[in-house]
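Reviewing the structure listed below.
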Amino acid sequence: EAEISEDLDELFYGLAAAVGAIVARALVRLGDSFITDAPLAMIAVAAFALTAFADAGFVLVLAGGGLAYELWTNAGRYSRRLRSISPLAPALVILAAAVSLSLTGEIFLEGLKAGLLTFGGAFTVIPFLQESAVEGQGWLTDSQFVDGLAMSGVLPAPLIIFSTFVGYVAGGLGGALAMTLGIFLPAFLFPIFLHRWLVAVAENPRIRPFLLGVAAAVVGLIAAVTVEIVET
């Protein structure tokens, strides 16, 4: 049994390293897509520094990146007025507010926030759940979190399936179901019921700078988590 356990440890150690490389590759691809000018690059670097060295909150980093680029873009038109601030920012802060619930309810809420607040797919969920489940709630250790990423990287399923592992470690089968339901619910409901509204938001020139700033901040967040994965 000891030999089997040691072999499994070595297996997961290698898988985690491979997943770290996959995440790093995704980081490069996202950077090529979203970092299109110097201000966006500065926002990405600031997001990395705030996350890696100051333990800044996920939502605050994203909202700050969005607001920074929006104000930069609209500085000439609104030099003395801040009317350009998007209504998305208060919504993000409200959604991030702490709610006292049962353990299963808390797991569902963390999954729902991950589904609502993450931009760009599974790789963006990684820093959010790492902050909430490991640093915030203490449901997992860094090593357990990386093991979950390693397993999801070799399973015939989307990378985001690691969120189910996070829910299971946090609250058993009920936690796994709650996390999975919460994190996938927005992805099903939004395209079905809010497709036209989402397209209008994405194409709105007033809101687009905010979304570009958020995307740049996401790149910085993923970079910080990539460093943590490699260190772990």
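Side notes on the structure shown:
- Within region 156-169, considering residues that are in contact with a helix residue (DSSP H, G or I) (Cβ under 9 Å, 6 or more places away or on another chain) and of a type outside the set (A, V, I, L, M, F, W, C), the one farthest from Glu135 (Cα to Cα): Pro158
- The residue that is nearest to Val169 (Cα to Cα), counting only those in region 134-156 that are touching a Ser or Thr at 6+ places or on another chain (Cβ under 9 Å) and among the aliphatic types (A, V, I, L, M), is Val134.
- Restricting attention to region 132-145 and to residues that are closer than 13 Å to Val225 by Cα and in contact with a Leu (Cβ under 9 Å, 6 or more places away or on another chain), the residue that is surrounded by the fewest Cβ atoms within 10 Å (Cβ to Cβ) turns out to be Val134.
- Some residue of region 54-62 being over 16 Å from the mean Cα position of the chain (by Cα) and either at pLDDT below 85 or closer than 30 Å to Gly171 by Cα (or both): yes
- Tally of residues being modelled with pLDDT of 90 or more, among the small types (Gly, Ala, Ser) and surrounded by 17 or more Cβ atoms within 10 Å (Cβ to Cβ) across region 22-53: 3
- Subset tally (residues that are loosely packed, with under 15 Cβ neighbours inside 10 Å and closer than 12 Å to Phe123 by Cα) for region 10-21: 0
- Consider region 88-119 and keep the residues that are assigned to a helix (DSSP H, G or I), of a type in the set (A, V, I, L, M, F, W, C) and open to solvent by 60 Å² or more (accessible area, probe 1.4 Å). The one that is modelled with the highest pLDDT is Phe108.
- Residues that are open to solvent by 50 Å² or more (accessible area, probe 1.4 Å) and either assigned to a helix (DSSP H, G or I) or under 19 Å from Glu131 (Cβ atoms) (or both), drawn from region 146-155: Asp147, Met151, Val154
- Residue in region 215-229 that is open to solvent by 10 Å² or more (accessible area, probe 1.4 Å), out of contact with any Leu (no Cβ under 8 Å at 6 or more places or on another chain) and either free of Cβ contacts under 8 Å to residues at least 24 places away in the same chain or not in a helix (DSSP H, G or I) (or both) present: no
- Some residue of region 156-173 being open to solvent by less than 60 Å² (accessible area, probe 1.4 Å), outside any helix (DSSP H, G or I) and farther than 28 Å from Asp55 by Cβ: yes
The values are calculated or read from the model by the stated rules, or taken from the named source; none is laboratory data. In this text, all values refer to a predicted model and were calculated from it rather than measured experimentally. Reconstructed Cβ throughout: ideal geometry from the backbone, glycine too, with neighbour counts over all protein chains shown. Side chains included, ligands, DNA and RNA excluded: accessible areas come from the protein's heavy atoms. Shrake-Rupley method; radii C 1.70, N 1.55, O 1.52, S 1.80 Å.
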